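Inspection log for the structure reproduced underneath, given as structure tokens.
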Amino acid sequence: MANPTTVRCVIAEDEELLRNALSKLLAQAWPGLEIVAECEDGGAALEAIAEHQPEVAFLDIRMPGLTGLEVATAAAEASPKTQVVFVTAYDQYAIDAFDKGAVDYLLKPISPDRLAATVQRLQARIAQGNPDADALAALIASLGARLLPAASEPLVWITASAGKDTRLIMVDDVAYFQADHKYTVVMTAEGESLLRKPIRELLEVLDPALFKQIHRSTIVNLKAIASIARDDTGKGIVKLKSRPETLTVSQPFMTLFRNM
């Protein structure tokens with residue numbers, strides 16, 4: 001049985017070296033902290049927060065798929081007691097946005113002194129109870145797109161295998177992508193093909209206005225959706241225009257769908 005006084009933490013950072021460095025620094029600054037998940041993208045982070053209900057989450061603002069801001073927005077409902085610390089390389093905007101001190105931030109590269117001060121504030125806030133949800137929402141709204149660098153041109157077409165054939169597929173024609181180990185299944189109205197690229201890499205190049213992650217292993221084309229309904233467990237059920245199967249929106253992701 002877990003110690004009721006244990007403080008649990010989720011780390012989300014897409015760069016492995018930075019993720020490992022933060023983990024080691026936290027081990028020194030907060031020996032009693034239990035890191036329950038280390039994630040390399042926003043979707044995995046959101047599901048880990050929903051599963052573990054940690055007291056603390058360190059979220060890189062810029063990640064493949066869901067950004068740290070989107071994860072924090074959904075986590076406020078999926079795990080209301082989680083205190084969020086944003087990690088960013090964009091100092092001036094961050095300093096301006098975080099001036100009120102309601103939510104903490106760390107600048108890359110993370111200094112041990114700054115982390116120690118953040119840990120002290122987190123410990124005090126955990127003792128006080130749940131985070132200030134209004135302050136977090138206001139901070140996320142004020143940051144908006146300002147912290148995010150301009151996106152490169154999104155992917156327009158891909159080549160994928162269908163048996164012995166190689167198909168050229170326009171991305172607009174894809175109904176959804178689904179992870180298959182190190183590869184990705186590409187589903188169109190005509191059938192499935194296999195892309196020799198992990199789904200995490202697709203998250204970095206797809207147009208985020210059209211393609212939304214609805215599950216750790218699934219990305220859907222919004223143009224391909226006929227309807228979305230919620231089942232008795234809180235999960236979403238997506239019906240597609242051109243495919244007979246339905247897709248599941250995991251419960252933590254439903255908040256993001258409502259806010260679209």
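The values are calculated or read from the model by the stated rules, or taken from the named source; none is laboratory data. Keep in mind that what you see is a predicted model, and the values were worked out from it rather than measured. Note that each Cβ is placed from the backbone with ideal geometry, even for glycine, and that neighbours are counted across all protein chains shown.
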Positions within region 211-253 being closer than 29 Å to ALA12 by Cα, touching a residue at least 40 places away in the same chain (Cβ under 8 Å) and aliphatic (A, V, I, L, M), in sequence order
ILE214, ILE219, VAL220, LEU247
Subset of region 1-39, residues basic (Lys, Arg) and surrounded by 15 or more Cβ atoms within 10 Å (Cβ to Cβ), comes to ARG8, ARG19
Scan region 60-75 for residues that are within 15 Å of ALA137 (Cα to Cα) and either in the same structural domain as ILE214 (by TED's automatic domain parsing) or out of contact with any Lys or Arg (no Cβ under 9 Å at 6 or more places or on another chain) (or both) and report the count.
9
Pairs where the first residue, in region 32-47, is closer than 16 Å to VAL87 by Cα and the second is in a helix (DSSP H, G or I) and basic (Lys, Arg), C-beta under 6 Å, 6+ apart
GLU38/ARG19; ASP41/ARG200
Residues that are assigned by TED's automatic domain parsing to the domain that holds MET254, surrounded by 17 or more Cβ atoms within 10 Å (Cβ to Cβ) and of a type in the set (Phe, Trp, Tyr), at least 2 per element: which strands (runs of 3 or more DSSP E) completely within region 159-241 meet that?
174-180
Within region 104-122, can one find any residue that is surrounded by 12 or more Cβ atoms within 10 Å (Cβ to Cβ) and at pLDDT below 85?
no
Scanning region 40-74 for residues that are outside any loop (DSSP other than H, G, I, E, B) and among the charged types (D, E, K, R), which turns out surrounded by the fewest Cβ atoms within 10 Å (Cβ to Cβ)?
GLU51
Kindly provide the set of residues from region 17-39 that are under 25 Å from THR73 (Cβ atoms) and in a helix (DSSP H, G or I), ordered by number.
LEU18, ARG19, LEU22, SER23, LEU26
